[in-house]
Amino acid sequence: GQEPDWWRRAVVYQVYPRSFQDTNGDGIGDIPGITARLDHLDALGVDVVWLSPIYRSPQDDNGYDISDYRDVDPLFGTLEDLDALIAGLHQRGMRLVMDLVVNHTSDEHPWFIESRSSAQSAKRDWYIWRPARQVPGLVPGQPGTEPTNWGSFFSGSAWAWDEGSGEFYLHLFSRKQPDLNWESEEVRRAVYDMMTWWLDRGVDGFRMDVINLISKTYPLADGAQGEGDLFGDGFHAVANGPRIHEFLAEMNREVFAPRAGHVITVGETPGVRLSDAPLYTGPERAELDMVFQFEHVGLAEGPGGKFDPRPVDLVALKDNLASWQAALAPQVGPEGDLTERGWNSNYWDNHDQPRAVSRFGDDDPAWREISAKTLASILHAHRGTPYIYQGEELGMTNTVFPGLGAYRDLESINHYHERVAAGDDPEALLAAMPVNSRDNARTPVQWEPGEGAGFTTGQPWIDVAPNAGQINAAAQVGVPGSVFEHHRALVALRHQDEVLALGTFRLLAAEHPSAWVILRELVTQAGREQLLLIAQCAREDLALEGDGGLWEALAAESLEVERWAGAEVLLR
Ligand code: ISL
Ligand code: CA
C-alpha cells in the first residue's frame, strides 16, 4: 500500500514538451522524446513528472488552448506514444501529472464552435456570452461597447465580439482561449468525465491551470482603471470567486475520492492569498493537495507588470517565502506530532518565468554554478513539494533575444505591439522584455554541445540559448560538483531524511542581507532532530565571527539549539 500523502515527500519535475526533446527532426519536442530521456529523470531521482499540455490544440498558447481533451496533438505524437511514456515512467517508479486546462478551451473546441453557432445554441451557456453595452454613437461590437472594461492577461480587451451571433464572449487569456462557464452543471460534468477518463488511462494526477479563476463573481462588473491604463482590472472579479471551494470540493468528490491516496492534485492559483491557501489545501476540506502560488515571482515585477522588471530584494524574498511557510505550517502537538493544515508547492522556475539563476541568482559565468546550486539548496530546504523545471537541474540561464523576431510567446509579442501602438518607445520595450519574458524558459533543453544542442537535428522552433556549449547535460551528469549532481543529491536527501521532508520550518536571521538561514526540526524515534541550512547569497564570503557576524545574528534568536559551535555551513 501507498501512503495516502506520499506526495509530501515527492519531488516534481516539469516537462514543457515542445522544448524537451525532438525525435523526428521537425524542431519541436515530442512525446517519444520524453520517453527517450527517461534515464535522465531517473538519474535525477524525481518522483513525479508534470507534463505541460500535449492535447490537440491549435497551439495559439503552446497547447494551453485545447481543442480536444481526449487526444494528443499530432505535433507531439499519438495516444499510444503517451501510453508508452506512462508505462516507462511507471516502470521506473515515477508518476505522470497531466496539465488540466479547464478555465478555458480553444475557440476551435467543438463545444465552443457549437456555443457560438447561435444565441439559441444548446451549449450557449457553456461559455460566458454578453450583449454589447449600449453606447451612443458606437455600433455594438465596436471597441468601447465591451460588457466590462477588463483587459486580458495577454493584452487587449478580455472580450471578443462574435459577429455571427451578435454577442461578446469572455477570454481572460487570448481570444483563442474562451472561458468556460463553470456555473453550468453540464460543463462541470463534462470536465469530471474527461478527468476520470484520463485517470482510468493511467495518469496519476493533475496540475490545474489557473484553477482559482473558474468561479467568477456575478454580475460581471467594471474594475478599477488607473489613469493612462488601457483597461480596467478584472482580476478581483475572477480570482478566488464565491463558488470556487464548492466547485473544487465537488470535483474532489466526483473524481478523486474514489481513488483516494493515488492521485496528486496541484492547483495553479495566481493571486491566491495567504488566508485562502488553507481553504484550498486543508486535508479535511478535500479540495486540492497543494497550491502553486506566485507572490515570490511577483517580486521581480514593477507596477507596470512583468515587462516592468525589478531586481528582487533578498530580505523581501526570504520574508515572502517564510510567510507562505507560516500560512501552511502544521500544528505541533505536545509530543512534537504534526497535524497538517495544508501544503505548498515550492518553485523558482516554470514555463512562464525567466530562468531562476538569472532572476534570483548570479548568472555571471564565474558564479553561475555555485549560484544555481545555492538556489536549489534553499528551495529544497523549504517545507512543501519542490518543483524542478526542465533545465533548472543544469543551471540553464536566460537567453539572448536579438530582436522581436526571436520571440515566440504571444504574451511578449502582443505586449510589444500593444505598447508601441500606445506610443511607447520600441527600443525601451525591447530592452525590458528579455528580463521576464516567458520565452527564457522555453529555449530547448541543452543536452549536448553543438548545433541543436542534442535537442533536434532540425531547425528548433525557438533558438537554442547561446551558452549551450558550456551548459549542457553531457558535461554534468555523473560529474561530481556539477549543478545536476547537486540536484540529484538534494532529491536523494529528501527521500532519506524525514526532517527535510516533513520537519517544521523556521527562518533565522531574517534581516540578514546576504545569508539565507533555515532551521528544520522534527521529533522522530531518535529524538528531536534538526537540520540547518546556511546559504550565502552574495559574492562576498559571509562574515561569521565577531561584531555583525552571522553567529551574532543567530545568537540573538531564541533557539533551543545546543551547540552553535558545532554548526557548519552545510550547503553553500
Ligand atoms: O505568466 C503569466 C502572465 O504574465 C501568468 O499570469 C500566467 O499567465 C498565469 O500564471 C496563468 O498561467 C497558465 O495559464 C495560461 C498559460 O498561458 C500559462 O502558460 C499557464 O501556466 C493560460 O492557460
Ligand atoms: Ca518533433
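Observations on the structure shown:
- Against the criterion of being among the basic types (Lys, Arg), within 16 Å of ligand 2 (Cβ to nearest atom) and either within 23 Å of the chain's Cα centre (by Cα) or assigned to a loop (DSSP other than H, G, I, E, B) (or both), Arg408 qualifies.
- Any hit, the stretch 363-376, residues being within 30 Å of Val272 (Cα to Cα) and in contact with a Cys (Cβ under 8 Å, 6 or more places away or on another chain): yes
- Residue match in the stretch 26-36 (condition: away from ligand 2 (no atom under 16 Å from the Cβ) and not charged (D, E, K, R)): no
- Residue that is nearest to Gln390 (Cα to Cα), among those in the stretch 38-64 that are in contact with a Leu (Cβ under 8 Å, 6 or more places away or on another chain) and within 16 Å of ligand 2 (Cβ to nearest atom): Leu51
- Consider the stretch 1-25 and keep the residues that are farther than 20 Å from Arg494 by Cβ and among the small types (Gly, Ala, Ser). The one that is farthest from ligand 2 (Cβ to nearest atom) is Gly1.
- Gly336 away from ligand 2 (no atom under 16 Å from the Cβ), crowded, with 19+ Cβ neighbours inside 10 Å and part of a loop (DSSP other than H, G, I, E, B): no
- Residue within the stretch 480-501 that is assigned to a loop (DSSP other than H, G, I, E, B) and either charged (D, E, K, R) or modelled with pLDDT under 95 (or both) present: yes
- Considering the stretch 272-311, the residues that are among the acidic types (Asp, Glu) and in a helix (DSSP H, G or I) include one that is nearest to ligand 1 (Cβ to nearest atom), namely Glu295.
- Taking the criterion of being within 22 Å of the chain's Cα centre (by Cα) and under 28 Å from Ile413 (Cα atoms), the only residue of the stretch 465-489 that qualifies is Ala465.
- For Glu183, the conditions (1) within 23 Å of the chain's Cα centre (by Cα); (2) more than 30 Å from Ala421 (Cβ to Cβ); (3) of a type in the set (D, E, K, R) are fulfilled apart from (1).
- Of all residues in the stretch 34-45 being more than 18 Å from Asp99 (Cα to Cα) and not acidic (Asp, Glu), the one that is farthest from ligand 1 (Cβ to nearest atom): Ala43
- Flag if Val491 is touching a residue at least 60 places away in the same chain (Cβ under 8 Å) and among the β-branched types (Val, Ile, Thr): yes
- Residue match in the stretch 477-492 (condition: more than 29 Å from Gly391 (Cβ to Cβ), among the charged types (D, E, K, R) and touching a helix residue (DSSP H, G or I) at 6+ places or on another chain (Cβ under 7 Å)): no
- Residue pairs meeting the criteria (Cβ under 9 Å; at least 6 apart or on separate chains; first under 9 Å from Lys318 (Cα atoms), in the stretch 501-518; second among the aromatic types (Phe, Trp, Tyr)): Leu507/Trp516
The values are calculated or read from the model by the stated rules, or taken from the named source; none is laboratory data. Quantities reported herein were computed from a predicted structural model and do not represent experimental measurements. Glycine gets a Cβ as well: all are built from the backbone with ideal geometry, and neighbour counts include every protein chain shown.
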